[in-house]
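Rule-based calculations on the coordinates, nothing more; no lab input. Treat the numbers as computed from the prediction; the structure is a model and nothing was measured. FYI the Cβ positions are ideal-geometry reconstructions off the backbone, even for glycines, and counts take in every protein chain you see.
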Amino acid sequence: MAAVTLTINGKPVSAPAGATVLEAAQDAGIRIPTLCHLEGVYDVGACRLCLLEVAGSNKLLPACTTKVAEGMEVWTDTERLRKYRRMTLELLFAERNHVCSVCVSNGNCELQTLAYEAGMDHVRYPYQHPQLEIDQTHPLFGMDHNRCILCTRCVRVCWHIEGAGTKNVAGRGAECRIITDLNQPWGESETCTNCGKCVMACPTGALYYKGVSNGEMRHDRHKLEFIVTAREEKQWIA
Amino acid sequence: MDRLKLATVWLGGCSGCHMSFLDLDEFLVELAQRVEVVYSPLVDRKEYPEGVDVCLIEGAVANTDHVELLERIRRCTRVMVSFGDCAVTGNVTAMRNQLGPRNAELALKRAYVECAQEHPGIPHAEGIVPPLLSRVMPVHEVVPVEHYLPGCPPPADRIRAVLTALLEGRAPALEGAQLKFG
């Protein structure tokens, strides 16, 4: 495959044509914060944490869905980006009810980690405190919409790794929800295979194994990585 | 020697942040030599005094007394620190906000009527029991604060880092995992 050359933070980097800036950065050992990105499923640019500054563009572009181009000049960690990244994180915290102290994923949450990495010591926006549901109808798993950031990782693993198509997105704006089948209780789903990949993929405490208590949730991401590696590399590495 | 005038207050929280403060162990001895505790749930003083250098505020803003006290603290204090997750985010104290516009009434009913084993009834005593606000807020939504000390509770070493900086006249610079909520 043809290679293109670009610079990331002033450093020359080469990447195969068709690669995303995120892939090029990862190959070059440059870390870009991500939240909705998940190895093994396609990217959607939903969370806006991987935003980049690209020379010649006024718009900030997401690294996960922006393709590399010859001569492209990309910045991943400028003052402006840090400002927007923190703002994005604060808005995520203000939008639903993320109460770390009583969350199953406390200490094991990608949202929480990204927040402190970005220096978020408080949220400047008023908390919305919406009234949201918790679906405890599935025998094995629970879904707490209070902690959901709508990254759609669960939807993408359900459709494209498990192939069940149980999880979906409904509604717009503040009414947007992850749903099961035709917006039914999870426990009544006829398509769910009980595989748990959505729970493994979730970056927060929105999807969890029933019975875990405060701070006890582990997402078993390695099980998902095992399947993705098997699929993509044809290697069954435990 | 002029010692730094330190105050701590306890608003809508569980006192866990104050317990974590006591967990400073031998640093408390050092602290006692360098500060004068002028107001705190741990000392017996009824009125928040003037001329306070540093005040640690535990708890979210949940009732009218909290608002009144915070306004006085702001007038009388040089450096205010939101101390712990309830002060910084509202945390568990603010979870009643999720119940909608009637949340205060519903929370009181749950605690004092539905769960009461004896003498159910919502306490009323004008001038003694302050009414709950219709929406619980973090401290900085009511008055501006200088610094944030997150954690539920903030671990003792995190409290020590902030106090040490303030004693040395520096701005505290918590970063990375020292800023973890929960």
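Using a 10 Å cut-off around each Cβ, can you sort A:Met143, A:Met1, A:Met120 from fewest to most neighbouring Cβ atoms? Walk me through the numbers on the way to the answer.
Numbers: A:Met143 26, A:Met1 8, A:Met120 22.
Listed from fewest to most nearby Cβ atoms, that is A:Met1, A:Met120, A:Met143.
What is the magnitude of the charge dipole of region A:3-77 about its Cα centre, with +1 placed on the Cβ of each Lys and Arg, -1 on the Cβ of each Asp and Glu, and no other charges, expressed in debye to the nearest 20?
Working: 5 positive and 8 negative charges, 28 e Å.
Using only the charged Cβ atoms, the result is roughly 140 debye.
At most 13 other Cβ atoms within 10 Å plus a DSSP loop assignment makes a site exposed; report the longest stretch of chain A without any exposed chymotrypsin sites (Phe, Trp or Tyr not before Pro). Before the final figure, lay out the partial values.
Details: sites that count: A:Tyr42, A:Trp236.
Answer from the scan: A:43-235.
Go through A:Lys67/A:Lys223; B:Lys5/B:Lys46; A:Lys83/B:Lys180; A:Lys167/A:Lys210 and tell me which ones have a Cα-Cα distance over 25 Å in this structure.
A:Lys67/A:Lys223
Going by how many other Cβ atoms sit within 10 Å of their own, how do B:Lys180, A:Lys234, A:Lys210 line up, fewest first?
On the way: B:Lys180 23, A:Lys234 7, A:Lys210 11.
Ordered from fewest to most neighbouring Cβ atoms within 10 Å, B:Lys180, A:Lys234, A:Lys210 come out as A:Lys234, A:Lys210, B:Lys180.
On a C-alpha basis, how far is the centre of region B:44-82 from the centre of region B:15-31 in Å? Whole number, if you could?
Centre-to-centre (Cα) distance: 19 Å.
Report, for the protein assembly as shown, the % of DSSP beta bridges that are antiparallel, rounded to 5. Kindly include the intermediate steps, with their values, before the conclusion.
Values: 24 of 44 bridges.
Percent antiparallel among DSSP bridges in the protein assembly as shown is about 55.
DSSP loop (so not H, G, I, E, B), at most 12 other Cβ within 10 Å: list which GluC sites (Glu not before Pro) in region B:9-104 pass both filters. All intermediate terms of the calculation are to be shown ahead of the outcome.
Numbers: sites: B:Glu26, B:Glu30, B:Glu36, B:Glu47, B:Glu50, B:Glu58, B:Glu68, B:Glu71; in loops: B:Glu26, B:Glu47, B:Glu50.
Within region B:9-104, the qualifying GluC sites (Glu not before Pro) (loop, at most 12 other Cβ atoms within 10 Å) are B:Glu26, B:Glu47, B:Glu50.
Go through region A:143-152 residue by residue and turn each phi into a ³J(HN,Hα) via Karplus (6.51, -1.76, 1.60, θ = phi - 60°); whole Hz please, and just put x for glycine and proline.
Using θ = phi - 60°, the values come out as 10, 10, 5, 4, 9, 7, 10, 6, 6, 6 Hz.
Once you sort the root eigenvalues of the Cα gyration tensor of region B:63-163 as a ≥ b ≥ c, which label holds: rounded (a/c under 1.5), prolate (a/b larger than b/c) or oblate (the other case)? Walk me through the intermediate numbers first.
On the way: a/c = 2.31, a/b = 1.74, b/c = 1.33.
Here region B:63-163 falls in the prolate category.
Specify which residue in the list A:Val123, B:Pro144, A:Thr5 is farthest towards the positive end of the charge dipole of the protein assembly as shown, using unit charges on the beta carbon of Lys, Arg (+1) and Asp, Glu (-1), about the Cα centre.
A:Thr5
Across peptide A:116-126, what mean number of C-beta atoms from other chains lies inside 10 Å of a residue's C-beta?
6
Please list the non-local residues whose amide H lies under 5 Å from the amide H of A:Val169, H modeled 1.01 Å from N, same-chain partners needing a gap of 5 or more.
A:Ile179
Report, in whole Å, the centroid distance computed from the Cα atoms of region A:62-89 and region A:92-160.
24 Å
Answer rounded, prolate or oblate for chain A, using the Cα gyration tensor with square roots of eigenvalues a ≥ b ≥ c: rounded when a/c is under 1.5, else prolate when a/b is larger than b/c, else oblate.
Numbers: a/c = 2.02, a/b = 1.36, b/c = 1.48.
Oblate shape, in that a/c is at least 1.5 and b/c is the bigger or equal ratio.
State whether the protein assembly as shown is rounded, prolate or oblate according to the following rule on the C-alpha gyration tensor (a ≥ b ≥ c being the square roots of its eigenvalues): a/c under 1.5 gives rounded; otherwise a/b larger than b/c gives prolate, and the remaining case gives oblate.
Values: a/c = 2.40, a/b = 1.47, b/c = 1.63.
Since a/c reaches 1.5 but b/c is at least a/b, the shape of the protein assembly as shown is classed as oblate.
Out of region B:77-156, which trypsin sites (Lys or Arg not before Pro) are coil in DSSP terms and have no more than 14 other C-beta atoms within 10 Å?
On the way: sites: B:Arg78, B:Arg96, B:Arg102, B:Lys109, B:Arg110, B:Arg135; in loops: B:Arg102.
The qualifying sites are B:Arg102.
Of all GluC sites (Glu not before Pro) in region A:54-132, which ones are in loop regions per DSSP and have a Cβ with at most 14 other Cβ atoms within 10 Å?
For GluC sites (Glu not before Pro) across region A:54-132 that sit outside H, G, I, E and B with at most 14 neighbouring Cβ atoms in 10 Å, the list reads A:Glu70.
What does the average come to when, for each residue of peptide A:99-111, you count the partner chain Cβ atoms lying within 10 Å of its Cβ? Write down the numbers at each step before the final one.
Values: counts 12, 9, 12, 5, 2, 0, 1, 4, 3, 0, 3, 0, 1.
That average works out to 4.
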